[in-house]
Ligand code: 0L1
Ligand code: MG
């Protein structure tokens with residue numbers, strides 16, 4: 001049950017979207033609205049999505065966040081969340097990211113999938129997800145919380161579209177039956193130095209479980225995951241801060257690597 005009026009939801013969506021588009025940080029919105037609930041938080045996120053779509057932006061995919069214990073511990077929270085990926089967040093493999101367009105970016109190595117059937121909750125399981133996966137894709141997310149010093153609570157970060165800002169995909173996507181997402185290893189390098197390592201199982205035991213959770217969470221709003229959806233399943237490691245001039249390479253077992261730089 002929501003507590004905020006439609007006008008307040010619209011005002012907070014505009015406020016957070018402006019912070020994203022103009023790259024300035026703001027205080028967490030629960031400071032002013034301590035009684036807002038989970039539905040309010042997702043209402044604000046969906047309103048940001050509607051604002052972008054009204055201007056012609058396409059939704060390029062969905063993401064889950066806070067799906068690994070490393071991430072939950074790093075951010076002091078205990079529940080995964082979902083968000084959307086806008087088309088202009090996408091950066092090609094080998095490309096460069098305008099650091100000036102971001103506030104305080106961090107990177108996360110993730111495993112992504114593309115679906116080939118609709119997934120609907122409640123009751124969506126890992127088995128349903130595996131049966132509806134076309135391929136497994138290496139993906140790196142660049143998160144950029146609009147909140148000062150990445151200091152927020154779960155409701156504030158849901159409203160802020162889970163800190164989404166850019167993502168890079170590439171490598172050699174493989175069919176799901178040729179990949180074991182649980183044991184798939186990842187090595188993250190910045191400027192040639194290994195800064196984080198991990199395996200897919202860090203993401204809720206299996207990245208497919210993250211997609212099942214997404215379908216079940218969306219069902220609470222009467223939404224499903226359409227066939228053909230690109231989904232980032234969540235960071236395998238804690239997020240690592242980056243700066244202008246950094247060169248990133250994330251190497252994935254069996255599915256290639258993803259590289260890019262920060263201008
Ligand atoms: O993709 C993510 O896991 C980010 C979720 C939001 C929390 C954060 O900004 O670290
Ligand atoms: Mg992420």
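Identify, from the list 161, 149, 191, the residue that is buried (at least 22 other Cβ atoms within 10 Å of the Cβ), at positive phi and either within 12 Å of ligand 1 (Cβ to nearest atom) or modelled with pLDDT of 95 or more (or both).
On the way: 149 fails: buried (at least 22 other Cβ atoms within 10 Å of the Cβ); 191 fails: buried (at least 22 other Cβ atoms within 10 Å of the Cβ).
Within the list 161, 149, 191, the selection yields 161.
More than 16 Å from ligand 2 (Cβ to nearest atom), more than 16 Å from the chain's Cα centre (by Cα), modelled with pLDDT of 95 or more and surrounded by 24 or more Cβ atoms within 10 Å (Cβ to Cβ): which single residue out of 130, 119 fits that description? First the steps, then the outcome.
Numbers: 130 fails: surrounded by 24 or more Cβ atoms within 10 Å (Cβ to Cβ).
Only one candidate passes the filter, namely 119.
Criterion first (at pLDDT below 95 and closer than 22 Å to residue 81 by Cβ) does residue 219 satisfy it? Please lay out each step first, then the result.
Values: at pLDDT below 95: no; closer than 22 Å to residue 81 by Cβ: yes.
Spelling it out, it is not the case that residue 219 is at pLDDT below 95 and closer than 22 Å to residue 81 by Cβ.
Of the residues 114, 107, only one is away from ligand 1 (no atom under 16 Å from the Cβ), surrounded by 16 or more Cβ atoms within 10 Å (Cβ to Cβ) and either assigned to a strand (DSSP E or B) or touching a residue at least 60 places away in the same chain (Cβ under 8 Å) (or both); which? Show your work before the answer.
Details: 107 fails: away from ligand 1 (no atom under 16 Å from the Cβ).
The conditions single out 114.
Does residue 46 meet the test of being within 17 Å of the chain's Cα centre (by Cα) and farther than 23 Å from residue 105 by Cβ?
Criteria met by residue 46.
Can you name the number of the only condition in (1) within 28 Å of residue 246 (Cβ to Cβ); (2) surrounded by 14 or more Cβ atoms within 10 Å (Cβ to Cβ) that residue 14 fails?
Residue 14 satisfies all of (1) within 28 Å of residue 246 (Cβ to Cβ); (2) surrounded by 14 or more Cβ atoms within 10 Å (Cβ to Cβ) except (1).
Among strands (runs of 3 or more DSSP E) lying entirely in region 152-233, which contain 3 or more residues that are more than 16 Å from ligand 2 (Cβ to nearest atom), over 17 Å from residue 132 (Cα atoms) and more than 15 Å from the chain's Cα centre (by Cα)?
Passing ranges, in order: 185-190, 193-199.
State yes or no: is residue 60 surrounded by 15 or more Cβ atoms within 10 Å (Cβ to Cβ), modelled with pLDDT of 95 or more and either part of a strand (DSSP E or B) or within 16 Å of ligand 2 (Cβ to nearest atom) (or both)?
On the way: surrounded by 15 or more Cβ atoms within 10 Å (Cβ to Cβ): yes; modelled with pLDDT of 95 or more: yes; either part of a strand (DSSP E or B) or within 16 Å of ligand 2 (Cβ to nearest atom) (or both): yes.
For residue 60, the condition - surrounded by 15 or more Cβ atoms within 10 Å (Cβ to Cβ), modelled with pLDDT of 95 or more and either part of a strand (DSSP E or B) or within 16 Å of ligand 2 (Cβ to nearest atom) (or both) - is met.
Please state which of the following conditions residue 1 fails to meet, knowing it meets all the rest: (1) without any contact (Cβ under 8 Å) to a residue 60 or more places away in the chain; (2) out of contact with any helix residue (DSSP H, G or I) (no Cβ under 7 Å at 6 or more places or on another chain); (3) away from ligand 2 (no atom under 16 Å from the Cβ).
Residue 1 satisfies all of (1) without any contact (Cβ under 8 Å) to a residue 60 or more places away in the chain; (2) out of contact with any helix residue (DSSP H, G or I) (no Cβ under 7 Å at 6 or more places or on another chain); (3) away from ligand 2 (no atom under 16 Å from the Cβ) except (2).
Within region 88-98, does at least one residue satisfy the condition of being within 28 Å of residue 29 (Cβ to Cβ), assigned to a helix (DSSP H, G or I) and at pLDDT 95 or above?
Checked region 88-98: at least one residue is within 28 Å of residue 29 (Cβ to Cβ), assigned to a helix (DSSP H, G or I) and at pLDDT 95 or above.
The values are calculated or read from the model by the stated rules, or taken from the named source; none is laboratory data. Fair warning: this is a prediction, and the values are worked out from it, not measured in the lab. Reconstructed Cβ throughout: ideal geometry from the backbone, glycine too, with neighbour counts over all protein chains shown.
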